[in-house]
Every structure is written in structure tokens, then in C-alpha cells.
Amino acid sequence: QWWWLVLAVVVSVTMIAAAYSYTRTPVYTAQADVLVSPTLTSAIESDTSDQVNLPTEQRIASSAQVAALARDSLGTDQTIAWLLDRLSVTVPEEAQILEFSFSASAPAPASQGAQAFANAYLTFKAAQAQETIDSRREELEAQIIALKDRITTLVAELAATAPGSIAYDTLDQERADSLAALSGLRNQLATVSTLNTDPGQVIQDAQIPSGPSSPRHRLDLILGAFIGLLVGCILAITIERRRERSENTAWLEQLVDAPVLGMIPDMPRPYQPMGDPVTVSQPQSRPAEAVRTLRTNVLVGNGDAPALGSILVTSASPREGKTTIAASLAVATAQLGRDVVLVSADLREPRSDTFFGGSNSPGLTDVLAGRIALEDALQEPYARLAVLPSGVVDHIPDPVELLQSEAMIDVIRRAGKRGLVIVDGAPVLTVADSLVLSTMVDAVLFVANPRHGRRSTIAQARYLLRQVDANVTGSVLNRVHGWSPNRNVVPRRHGGNSRRRNADAAA
């Protein structure tokens, strides 16, 4: 239903993504690969792969020292931070390689930057290794010189000492140890001189990129279209859900295919057991006025048709206020001076009796079972109002079988002899009870609550009522915000405002 809205959002977001993508400055990225080799290792070692810590080398490659060498190589006046912000050093899985990626606004600088960082890393590592070797060589050479001087001193002392004496033997032993130490230092010096200072080599030079790496126009457009589709769907769903909860009477009249006979505002508080109805406790309030308007529309809105003898009040789903409407309509009609019988036929969640503080038993179930007469089960909380409570329902396995009986038809017929019969039925979509009752009454009054009801559920309930050929003569929009009496307008085909004024005047 909202495909045009979704399409418009997709096109709009895609155009925004295209504008963003094509107005961005192109970024080019070049890459140079370096095969890392361990430094300070002997040439005779065959396996040195475990001597390279690639995460450490990755941090060294992106360090400020390497960046300084790369900057000198590039001959640029950019800051080190600027260069590092455009550098990316990665390590491929299971490879002893560092990948240097550098981004720039032109192809050539990108290639030069990647190559400069790769060379700078090798230069830094080689210089670091050579510095370590030079430092070690100087240390060993100093130790060798000192040891030679000591040996010379020992030789002179031996010449001045009598052979065979204890002093001579001690000096001779020290001279031998010194010669052995000198030989070891010379071997270390020779080893240091052969240590490897080559940190690796560039195995792939940075090439001049043929195209920009960013922005990626095709990807940006695809992402823009996807985001537009997502936003469009969310927007359509949100609008549809808000429309489902609309308080406009036009959609309700269209769905129910019957005029809206009343719009009831929010009650000041829910009815409580032993509490007076709103038309009694607050007769001048807006809810009381709305109920009286509904009463007038129900009684005179039939035009030239015969007067209604029985009305079923139902809704699509629970919590839409059908019981409140049924009880309020019954009291308001009784206040008009007409005899009314309110039948609590919602055997799933009976509540009609609680509006008047009466007992739930005996009631309808007892009358249908033949345990008590109808007249004995009726309660009269107000003048001209008789209430038939539901009775005990816990022991009933399937209430619809009890309601779909000749006994129920007889109850409605006998109650109709006393006056107008208002039947409070179960929600249509919950159980089949109201579908059965709708075939036994003269009319059905459908209650919809914009807070809990949805268009889809109302349409489904109306379809089910139409399947059993129920006479839905009107609907009620319950718990409406911002209500005023002028909003309750009965369609002309049901009598209009003049008929309503005449009925009230006659009453």
C-alpha cells in the first residue's frame, strides 16, 4: 500500500548518497610489501622464523621514528602525525610479511608514501641492528685490551718471582686463565662481526594506483539504496500503525460499514464495584454527555425501521471497553424512562454485574441450565433497569454450546417483554460466542478503541459478523482524546441532528 512512499525514500536517500560520494575528494591508496627477516642472528642458523615477532614489528613500522625517516625521504614538510594518519600497516595471516598502505589525494604521492615507509622501516631496523653490533664490538674490544694489559703485567711479575714458589704458581695460574678468557673474547668478537643486520627486503614495490580507493561510488549507491529501503519500510510501518490507531470516525465507519453512533471520551476513572455509573455520579461531565448522545443515536438512528428490541454490544478484541459501553448505555436508557434488561453474556470474562455491585450468582448460566427462572435471577440496581448477571462460569467447559441453544433465544425473547435488551457479548476474535448471539438479536453495536484496537482486527471481526449475516447497525469509538459534543454527528441516513433533538424533547 505504501510502495510509493518506500520508493520515494529509496530514491531520495540514494540521491543523497550519490551527492555525498561524488562530491568527496578522491583518495588513492598504494601498497608495498616487506618480507621481514630477523636481525642479530648467526649466518649458520637455518631456521630463524620463530625469532620474528610480527606484532612488535608492526608497531615499529608505524612508529614516529620510522615516520621521521620516511618524511626525510619524501622531502615533505608535513608533520609526522599527518603521515601516520594516512599509513596502515597490516600483517597477512600465516605470512612473515608487513603490508605498508599509504593514502593520498593523488596516485603518485600514494605510491611514493608507501615505498618511503617500507624503505624507512628497513633502514631503521638495519641501523638499529648495526648500532647494537657496534656497541657490543666496542665493549668486547675494551675487555680484550684490558685483558692484554693484565697478561703483560702477569708475565713481568712471573719473571721477578722464584719458580716453584707459591706466589709463582698463583701468578702462573692467573696468566693461564687470562689467556683462556682472551681467546673467548676474541671468539665473541669474531661472532659479533658475522651477525646479520639485514632486516628484510621489499618483495613488492608500491605501484601507482590506477583508480581511487575512496569513495567507492558503486558501494555508496548500493548502501544508500539499502538504507533508503530500510528507512522507507520503517516509515511506512510507523504510518500504518498510527493510522491503525487513528481516532477519525471515517475509517471506523468504512471498516464496520455502519455509522458511528457515538464517540466516548476517556472516563475520569474506571468503574469500580459498588460505584455509580458516570451518568449518575457525574451527570454534567463530558463522558455522561457522550453516553446520552450515544443513547439518542441508538434509539432514533434507525430511521423508519421498527424499533430495536435487542442489541448485542461487542468488539473485535478485549480491553476495548464494550462492557463499559453496554452498562453505561443501559443506565442512560433507563434514565430516559425506558425499561432495559442488561444481559451479561460474556461468559469468558464477565464484568457487567460488577458495575452495579450486585452478586454474580444466580445468573444467566443458571437460567440456561433450568435451575432458576429468569425473573428470579434478575437484579434491579436502578429504576427501570434489570441486570441478568452471568452466573457461575467456572464449571462450564464450552460456553458457546450453552449460548447456542433454544434456551438462550427464549431468554432474550422473555427479557424483551420487559423492555430493551442490551447483551454484553465476548470479543468477536477471541471466541465464537458473539457470532452466535448476533443471530439472536435485532442489531449489533460494535465498539472500537483506538488505543487497543487495530484496523486489521476490526476488518476481520466485521468479516466474521458478515459471514453470519449479523445486523451491525452502528459503532462506537471509545476512549477518544479531545472529545467535544459537536464531534458526535450521526449520518443523515440515520436520522440526523434534528431527529435527535426531537427525541430528547419528547422524552
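Here are a few things to note about the model shown:
- Reported count of residues in the range 423-443, each being more than 14 Å from Val343 (Cα to Cα) and surrounded by 19 or more Cβ atoms within 10 Å (Cβ to Cβ), is 6.
- Residue in the range 382-399 that is among the small types (Gly, Ala, Ser) and either out of contact with any helix residue (DSSP H, G or I) (no Cβ under 9 Å at 6 or more places or on another chain) or open to solvent by 30 Å² or more (accessible area, probe 1.4 Å) (or both) present: yes
- Residue that is nearest to Ile311 (Cα to Cα) [pool: residues in the range 327-349 that are assigned to a loop (DSSP other than H, G, I, E, B) and in contact with a strand residue (DSSP E or B) (Cβ under 8 Å, 6 or more places away or on another chain)]: Ala345
- Of the residues Arg286, Arg292, the single one that is open to solvent by 30 Å² or more (accessible area, probe 1.4 Å) and modelled with pLDDT of 90 or more is Arg292.
- Yes/no for Arg351 being under 48 Å from the mean Cα position of the chain (by Cα) and over 10 Å from Gly391 (Cα atoms): yes
- Some residue of the range 472-483 being open to solvent by 10 Å² or more (accessible area, probe 1.4 Å), at pLDDT below 95, closer than 17 Å to Leu312 by Cα and assigned to a helix (DSSP H, G or I): no
- Arg218 among the charged types (D, E, K, R), assigned to a helix (DSSP H, G or I), out of contact with any helix residue (DSSP H, G or I) (no Cβ under 6 Å at 6 or more places or on another chain) and modelled with pLDDT of 85 or more: yes
- Within the range 244-260, considering residues that are assigned to a loop (DSSP other than H, G, I, E, B) and at pLDDT below 65, the one nearest to Leu299 (Cα to Cα): Glu247
- A single member of Thr123, Thr39, Thr132 is of a type in the set (Ser, Thr, Tyr), closer than 28 Å to Ala190 by Cα and surrounded by 20 or more Cβ atoms within 10 Å (Cβ to Cβ), and it is Thr39.
- Evaluation of Asp366 against (1) without any contact (Cβ under 8 Å) to a residue 40 or more places away in the chain; (2) buried (at least 16 other Cβ atoms within 10 Å of the Cβ); (3) not in a helix (DSSP H, G or I) (one fails), failing number: (3)
- Flag if Ala160 is more than 30 Å from Ala190 (Cβ to Cβ) and open to solvent by 80 Å² or more (accessible area, probe 1.4 Å): yes
Residue-wise test of (1) closer than 30 Å to Val202 by Cβ; (2) in a helix (DSSP H, G or I).
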position	(1), (2)
Phe124	yes, yes
Asp134	yes, yes
Ile145	no, yes
Thr153	no, yes
Thr161	no, no
Leu171	no, yes
Glu174	no, yes
Ala180	no, yes
Gly184	no, yes
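- Of all positions in the range 185-198, none carries a residue that is open to solvent by less than 70 Å² (accessible area, probe 1.4 Å), at pLDDT 90 or above and not aliphatic (A, V, I, L, M).
The values are calculated or read from the model by the stated rules, or taken from the named source; none is laboratory data. In this text, all values refer to a predicted model and were calculated from it rather than measured experimentally. Here the Cβ is made from the backbone with ideal geometry for all residues, glycine too, and neighbour counts use every protein chain on show. Keep in mind that these areas ignore ligands, DNA and RNA; they rest on the heavy atoms of the full protein, side chains included. Shrake-Rupley method; radii C 1.70, N 1.55, O 1.52, S 1.80 Å.
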